[in-house]
1. When the Cα centres of region 1-68 and region 122-154 are compared, how far apart do they sit, in Å?
2. If the limit is 31 Å between Cα atoms, which of K123/K179; K9/K179; K6/K179; K176/K197 go over it?
3. Tell me what the chain gives for mean residue ellipticity at 222 nm when only DSSP H runs of n ≥ 4 count, each as -39,500 (n - 2.57), the sum divided by the residue total, rounded to 500 deg cm²/dmol.
4. Cα atoms only: what Rg and Dmax, in Å, come out for region 1-138?
5. Please report the base-10 log of the normalised intensity I(q)/I(0) for region 120-175, using a Debye sum with one equal scatterer per alpha carbon and no solvent, at each q in 0.16, 0.17, 0.26 (1/Å).
6. Taking amide hydrogens as modeled 1.01 Å from N in the peptide plane, which residues meet the under 5 Å criterion relative to R95, leaving out close sequence neighbours?
7. Write out the GluC sites (Glu not before Pro) in region 8-83 meeting two conditions: DSSP loop, and at most 11 other Cβ atoms within 10 Å of their Cβ.
8. Distance cut-off 21 Å, Cα to Cα: go down the list K153/K200; K32/K101; K177/K200; K57/K98; K113/K167; K57/K199 and report the pairs above it.
Amino acid sequence: MEYILKYFKGLTQLQQEQFGVLERLYPEWNEKINVISRKDIENLEVNHILHSLAIAKFINFTPGTRVLDFGAGGGFPSVPLAVLFPEVSFHLVDRIGKKLKVANDVAQNAGLKNVTVQHGDIKEVKGTFDFVVSRAVMDLNDMVPLVRRLVSKVQSNSLPNGLICLKGGELNQEIKKYKNQILVDDISNYFSQDFFKTKKILYLPL
């Protein structure tokens, strides 16, 4: 938990214990279900938990915020964020049920009451949310039409409601269509590890 404690001061004892549960259970689950690549599981804290928490450096969600995690897989970025924001609700949706099972089990064992999961297609999700988050799921041009209807018009945060994506690599073509609206933030502004040199947060108001 070295890096989490380095970058997030003032965590409660409960939050530290919950992050400890994540660091213990994800490797255990990964032996049964390949949620994280076998070679990368040893980098769980930096490459997955801390990467997810970059969103918390970008925006401090207000209590009562509703977040939809599109293509949540095993629970990144929402399960780590749920530890940090206990008064924010996170709804995870994915078409791969076995990965969601991992996310749900980890959340339950960590005592996270603010996480719900839905096995199915994004088109089956009902209701509205303040933000949609995703981590390396699909091209923005494919994602935006799928999630636009799910973003609430009622504002309650410092940033307008919209889409927040964690991505890496060359993004110029992907963001071209939205260049006048989108904000691209370098995660290396927040974390110094080499892993984050090419990692970005994309924020698109919707």
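1. Distance between centres, Cα-based: 22 Å.
2. Values: K123/K179 26 Å; K9/K179 34 Å; K6/K179 34 Å; K176/K197 21 Å.
Cα-Cα > 31 Å for K9/K179; K6/K179; rest within.
3. Details: 7 runs with 64 residues, N = 206.
Taken over the chain, the calculation gives -9000 deg cm²/dmol.
4. Rg then Dmax for region 1-138, in Å: 13.8, 39.
5. Results for region 120-175 at q = 0.16, 0.17, 0.26 Å⁻¹ read -0.54, -0.60, -1.15.
6. For R95, whose amide H was placed from the backbone, the distant partners under 5 Å are G120.
7. Working: sites: E17, E23, E28, E31, E42, E45; in loops: E31.
In loop regions of region 8-83 (DSSP not H, G, I, E or B), the sparsely surrounded GluC sites (Glu not before Pro) are E31.
8. Numbers: K153/K200 26 Å; K32/K101 12 Å; K177/K200 17 Å; K57/K98 30 Å; K113/K167 28 Å; K57/K199 14 Å.
Cα-Cα > 21 Å for K153/K200; K57/K98; K113/K167; rest within.
No value in this document is a laboratory result; all are computed from the given coordinates. Just so it is clear, the structure is predicted and the values come from calculations on it, not from any experiment. Positions of Cβ are backbone-derived with ideal geometry, glycine not excepted, and every protein chain shown enters the neighbour counts.
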